[in-house]
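*Asks:* Let me give you the structure first, and then I'll get to my questions.
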Amino acid sequence: MKITFLGTAAAEGFPAVFCNCEYCREAKRLGGKNIRTRSQSIINDDLLIDLPADTYSHFLNNNIDGDAIKYLIVTHSHPDHFYEKELGMRHAPFAKNMRTQRLKIYCSEGAAKVIQEMYGNENYMLDCMALKPFDTVVAGNYEITALPARHFPGDGSLFYIITGEKTILYAHDTGYFYEEVFDYIKDSKHTFDLVSLDCTNVDIPASDEGYHMGIDNITRVLKRLEGIGAIHNKTQKVINHFSHNGNPIHHRLEERVKDYGYKVSYDGLCIEL
Ligand SMILES: [Zn+2]
Ligand SMILES: [Zn+2]
Ligand SMILES: [Zn+2]
């Protein structure tokens, strides 16, 4: 089982689309891992997580065959995670000879509403299912559990446990986890081989009631997960979804978290589990 991080920035991208701050200028100057596009990952070659407007360039840059993707899970309907118009390209005459005929979509209630409003009763080769917190579905060889995110009230924002040959906790976007999330993970006895956590703020203080996290919040989430036996000494701890405000220059982030053993994501990072 492998996960590829296709986009690792928050909504504005890094460098941010219309920004001229010193961090963004530095990112442009340095290039490489400092160029971060909007949030998206893919598991193996067939389970896509989120659908930002950067999806097309992600496919081109990472040799991804869009027609072979079988499952799409959407965390919430903020545009950096869900650019629903792209789904309109997934039928004739725009797409032909697709290996996966109908794309199965599992998503927040907000994202499902957007799909229903846009594609309604027309046949766009989409099978969409809104998930509620703690719903579990089986999708081919994967088991997917939705957890409630502290993020975007009214959308039913979710983050996910994805189990294939290994188990991944993919937590974007969310603030500090709700108590019932820790309870669920403890009771269901999940153990994670990889966790990817929302690090939008980096070192800018983030309230535990807020909708994103930074290194401090992440460190406390991981301590709780460790306390309930959900992570072990081989769990890969990835930080992800960075805002330009947090100064996410890659080598600086690596230096910042090296003593914690966190892996700093970057666009194109592929981890084999
Ligand atoms: Zn986001
Ligand atoms: Zn900036
Ligand atoms: Zn969001």
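*Asks:* Helix-only mean residue ellipticity at 222 nm, the chain, DSSP H runs n ≥ 4 weighted -39,500 (n - 2.57), per residue, nearest 500. What is it? Before the final figure, lay out each step's value.
*Replies:* On the way: 6 runs with 58 residues, N = 273.
Counting only the DSSP helices, I get -6000 deg cm²/dmol.
*Asks:* Can you bin every Cα-Cα distance in the range 141-218 into 10 Å intervals starting at zero and give me the percent of pairs per bin, rounded to whole numbers?
*Replies:* Bin by bin from 0 Å, the calculated values are 19, 50, 27, 3.
*Asks:* Here's another thing I want to ask about it. Identify, among HIS151, LEU103, ALA130, the residue whose Cα sits farthest towards the positive end of the charge dipole of the range 2-272, taking +1 on the Cβ of Lys and Arg and -1 on the Cβ of Asp and Glu, with the dipole about the Cα centre.
*Replies:* Of the listed residues, the answer is LEU103.
*Asks:* Okay, next question. So between SER207 and LYS234, what do we pick up on full extension, going 0.36 nm a residue minus the alpha carbon distance?
*Replies:* 6.8 nm
*Asks:* Turning to a different aspect of this structure: With each pseudo-label sitting 7 Å past Cα toward Cβ, what's the GLU84-LYS96 distance in nm, one decimal?
*Replies:* 3.0
*Asks:* Would you mind getting me the FRET efficiency between VAL138 and ASN44? Use the beta-carbon distance for r and R0 = 22 Å, nearest 0.05.
*Replies:* E(calc), rounded to 0.05, equals 0.90.
*Asks:* May I pose another question? How high is the relative contact order of the range 2-272, in percent, counting Cα pairs under 8 Å that sit 6 or more residues apart?
*Replies:* Here the relative contact order equals 20 percent.
*Asks:* Which of LEU47, LEU87, LEU158 moves the most in a Gaussian network model of the chain with Cα springs under 10 Å?
*Replies:* Most flexible of the set in this elastic network: LEU87.
*Asks:* Show me, for the range 246-252, the HN-Hα J-couplings you get by feeding each phi into the Karplus relation (A = 6.51, B = -1.76, C = 1.60, θ = phi - 60°), rounded to Hz, glycine and proline as x.
*Replies:* So the Karplus estimates, Gly and Pro as x, are x, 6, x, 5, 4, 5, 5 Hz.
*Asks:* Can you sort ILE64, ILE42 by how many other beta carbons sit within 10 Å, fewest first? Spell out each step's value before the answer.
*Replies:* Numbers: ILE64 17, ILE42 22.
The fewest-first ordering by Cβ neighbours comes to ILE64, ILE42.
*Asks:* While we're looking at this one, here's another question. When a/c is below 1.5 the answer is rounded, else prolate if a/b is larger than b/c, else oblate, so apply that to the range 2-272 with a ≥ b ≥ c taken from the square roots of the Cα gyration tensor eigenvalues.
*Replies:* Oblate shape, in that a/c is at least 1.5 and b/c is the bigger or equal ratio.
*Asks:* Which is the longest part of the chain that has none of the trypsin sites (Lys or Arg not before Pro) sitting in a DSSP loop with at most 14 other Cβ atoms within 10 Å? Display every interim value, and only then the final one.
*Replies:* Numbers: sites that count: LYS96, ARG99, ARG102, LYS189, LYS234.
Longest run free of exposed loop sites: 1-95.
*Asks:* In addition: Could you work out how far apart the two model spin labels at LYS258 and THR219 are, taking each label as a point 7 Å from the Cα in the direction of the beta carbon, and quote it in nm?
*Replies:* About 1.7 nm separates the two model spin labels.
*Asks:* Quick check on my link table: of LYS166/LYS189; LYS70/LYS223; LYS237/LYS258; LYS2/LYS223; LYS2/LYS263; LYS186/LYS258, which ones sit more than 23 Å apart, alpha carbon to alpha carbon?
*Replies:* Distance filter (> 23 Å) returns LYS70/LYS223; LYS2/LYS223; LYS186/LYS258.
None of the figures in this text is laboratory data; all of them are computed from the coordinates on show. As the structure is a computational prediction, the values presented were derived from the model and not from experiment. In this analysis, Cβ positions are derived from the backbone assuming ideal geometry, glycine residues included, and neighbour counts consider all displayed protein chains.
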